[in-house]
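Report on the following structure.
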């Protein structure tokens, strides 16, 4: 399992150019738009880049990652976060445990994408935000074969039981906002 798992350098994940492309503040604002949230789970949190921004905005932050090195790194950047090692396909939380579940550049790496969406829906009380690569060839990021097109994603979200799916195109990425 996790044949497509990120195995790069942790320092690279916080490279200023990469951080700029991720539009962290804008993505977090879009995830939080239209409602009040107290808690967030960052599934596949990596070094905690998005968790850090959610915490800065006053949310209680939890996160999971399959890579134990990422858990250590996230703890260094977000001391208030509750981070542990776990798979997005089997989240170790109760149903409706978080107001918001966020996944940043994770879904395309999953071997079981529908299962990941179902688990996110199960532990989310209100909303799931999923940031992914836009479906086009780019000089950075994964090849087109690993990117999700909007129609396939929307169909998968419906199969996972989400009531509503919204799409927000960004400069290099796409944010999907799903309502439970």
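Table for the structure above
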{"quantity": "Sites residue 146 and residue 36 - FRET efficiency at Förster radius 35 Å, r taken between beta-carbons, to 0.05", "calculated": "0.50"}
{"quantity": "Helix-only CD estimate at 222 nm, as mean residue ellipticity for the chain, using -39500 (n - 2.57) per DSSP H run (n ≥ 4)", "calculated": "-8500 deg cm²/dmol"}
{"quantity": "Extended-chain gain in nm, criterion 0.36 nm per residue less alpha-carbon gap, residue 19 and residue 108", "calculated": "30.2 nm"}
{"quantity": "Length-normalised contact order for the chain - Cα pairs under 8 Å, 6+ apart - percent", "calculated": "19 percent"}
{"quantity": "Gaussian network model of the chain, springs between alpha carbon atoms under 10 Å - residue of 130, 105, 150 with greatest fluctuation", "calculated": "150"}
{"quantity": "Residue 69-residue 167 FRET efficiency (beta carbon distance; Förster radius 30 Å; 0.05 resolution)", "calculated": "0.40"}
{"quantity": "Sorted by Cβ neighbour density within 10 Å, fewest at the top, the residues 59, 170", "calculated": "170, 59"}
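Quick note: the coordinates plus some simple rules give every number you see, no bench work behind them. Since we're looking at a predicted model, the values are computed, not measured. Cβ coordinates were reconstructed from backbone atoms using ideal geometry, including for glycine residues, and neighbour counts include every protein chain displayed.
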